[in-house]
Amino acid sequence: MIVFEQAGFVYPGASAPAVDGVSVEVEPGRLLALLGANGSGKSTLARLGNALLVPSTGTVLVDGMDTRDEDAVWDIRSRVGFIQQNPENQIVGTIAEEDVAFGPENLGVAAHEIRIRVDEALEAVGLAGFQRREPHMLSGGQKQRLAIAGALAMRPSYLIADEPTAMLDPVGRADVLRSLRHLRSVGVGVMHITHHLEDVLDADRIIVLSLGRTVFDGTPAELVVDPGRALSMGIELPAEILLAHELRRHGVRLPDGHPAPEDLVEALWPL
Amino acid sequence: MRVPSTFGQYVPVDSPVHSLDARTKIGVIALFTLGLFLADGFAGLGGYAVVVAVVLWASHVPPRIALRGVRALGVLLLFTLLAHALRWQPATVTLLRVGPIGVDPEGLRTGVFFAMRIVLLMVGTSLLTLTTTPVQLTDALESLMRPASALGVPSGEIAMMLTIALRFIPTTAQEAERVIIAQTARGARFDEGGLVTRVRAYVPVLVPLFVNLFRRAEDLALAMDSRCYRGGRGRTRLHAAIMTPRDWLVLLLGGAALLAIGITF
């Protein structure tokens, strides 16, 4: 488990903390979504999670190891995969399999074991057969899945994804979301940072940050109950949920919960 | 700007030359170069020409591609030939005279000799880059530099820098194209004016390109940190290059034969 305990971080020279007393846990096999406007501290929190930054106040523990402990840094990073917004900028290798091998190579894994891990990781993100493909011959979504495979090859217990879909087209976005869901299903704890609530409606837990502080901590269902409150936190609800709210307000009977577009169609056409 | 699917000169086919270890090829080519400069007769050059032709045939590289570099050297070749062959008011017997300029047979012989040597050097050494991927080359370089690590030379880090540079060449080329299109859309002209004007037109392209490269470098550093990169120490490799008995055989016998040609003729 990654445990953020009252974690805070102040950038050198900044007057206000970027993250201020946030407490949250990333648990194996669960999806934690982190929402918030630009400058809300999402990316800073992400970097606190794998010791790219160490907290100024509070603590961050990864499987019990304090990220402040310099001897534990490499152990922590091998357990916590990290992917960023721009897929292009995190690819090191000149061909796909070399990039996926980069992490295990750094960990000193033996060559035949690296081979197995690389093929498994590419398979897991749906890029089997792309071993010898050059990065610039891949689409944005494929590059981002390659980055996920690069993290997976280190056999991490957790994956922190910092706005992984922000630069992708709808197809690439759906593919990346599918890969992240697959990771959750095989027991990896995923922390997904995003601007789009519709990316994480199936999250196990959502926290919303504003100016470095937690302003919401609960389930997606709890967040969409009150569109006004969500909007005040800078979260725009997906159109189908807003529509459902309006319809209910005008007396249309709909099934409980927040319907997917297909459910909404199903409920509306008999009217 | 079209970005080729394979960067560099590499010709992606399977051949006995391609499958040799890059270090073997570097070693053999070093001895070939040495021998080529030791040879002082046409017999020696003829011998090397046969060797280069045979290796070229075995490598399945189209001769047209292998000779591409020679055309680029045309001016240098012509200059070499003329500088040796032409005499101003020649005192010796000349082959041909035009006014005060004459062609000296001995000079012509030397000119042809030097020109041939340049062509052989060019084609012979280009066989390395034609049959070896940039990554294999950087790996070979790292391995050859390893003894220098004892003296504090960061060979692993240098190889990593080269690999990353190779990795980002196509990315940077694509980005340059995007910036050029963006600037063109806003009225920039890259195709008019004199040399100075044209060079100056590229300043608004280079500035955003560099700014973006720095941003990329920052992201890349984070990505490498996250994936536990901590320098060359303790790193293993997916494709560890291994010198096979065949590599040693080619290196020792081939290298010795090439050197022998140069010494003998």
Whether the protein assembly as shown is rounded, prolate or oblate, judged on the alpha carbon gyration tensor where a/c under 1.5 counts as rounded: prolate
Proxy reagent accessibility, fewest Cβ within 10 Å first, across A:116, B:242: B:242, A:116
Sequence ranges B:198-209, A:30-41, ranked by mean other-Cβ count within 10 angstrom, highest first: A:30-41, B:198-209
Unit charges at the beta carbon, dipole of region B:155-226: most positive-side option, B:185, B:204, B:172: B:185
FRET efficiency estimate (nearest 0.05) - Cβ-Cβ, residue A:265 to residue A:113, R0 51 angstrom: 0.55
Charged-residue dipole, Cβ positions (Lys, Arg, Asp, Glu), the protein assembly as shown about Cα centre, Debye nearest 20: 2340 debye
Note, ³J(HN,Hα) from phi for region B:226-235, Karplus 6.51, -1.76, 1.60, rounded to Hz, x at Gly and Pro: 4, 9, 6, 6, 9, x, x, 5, x, 7
Whole-Hz couplings from phi, Karplus 6.51/-1.76/1.60, listed for region A:211-220; x for Gly and Pro: 6, x, 10, 6, 10, 8, 8, x, 8, x
Volume per residue that the Cα convex hull of chain B spans, once the total is divided by residue count, Å³: 213 Å³
About the Cα centre, charge dipole magnitude for chain B (Lys/Arg +1, Asp/Glu -1 at Cβ), debye: 380 debye
Cα-based convex hull, region B:142-265, per residue volume (Å³, whole number): 237 Å³
Of the trypsin sites (Lys or Arg not before Pro) in region A:37-96, those whose Cβ has at most 16 other Cβ within 10 Å and which sit in DSSP loop: A:68
Simple spin-label estimate for residue B:178 and residue B:233 in nanometres, 7 Å along Cα-Cβ: 3.8 nm
Globularity index of region B:155-226, i.e. its alpha-carbon radius of gyration over 2.2 N^0.38 Å: 1.39
Proportion of all alpha-carbon pairs of region A:1-127 beyond 24 Å (%): 39 percent
Along principal axes, Cα extents of chain A, largest first, whole Å: 65, 46, 29
Assigned charges on the beta-carbon of Lys, Arg, Asp, Glu; region A:1-159 dipole about Cα centre (debye): 440 debye
Options B:69, B:82, B:19, ranked by Cα towards positive dipole end of region B:1-86, top entry (Cβ charges): B:69
Cα lying deepest toward the dipole's positive end in chain A, options A:61, A:49, A:37, charges on Cβ: A:37
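Read the figures in this text as sums done on the coordinates, not as results from a lab. Everything quoted here is computed from the prediction, not taken from an experiment. Note that we place each Cβ from the backbone using ideal geometry, even for glycine, and neighbour counts take in every protein chain shown.
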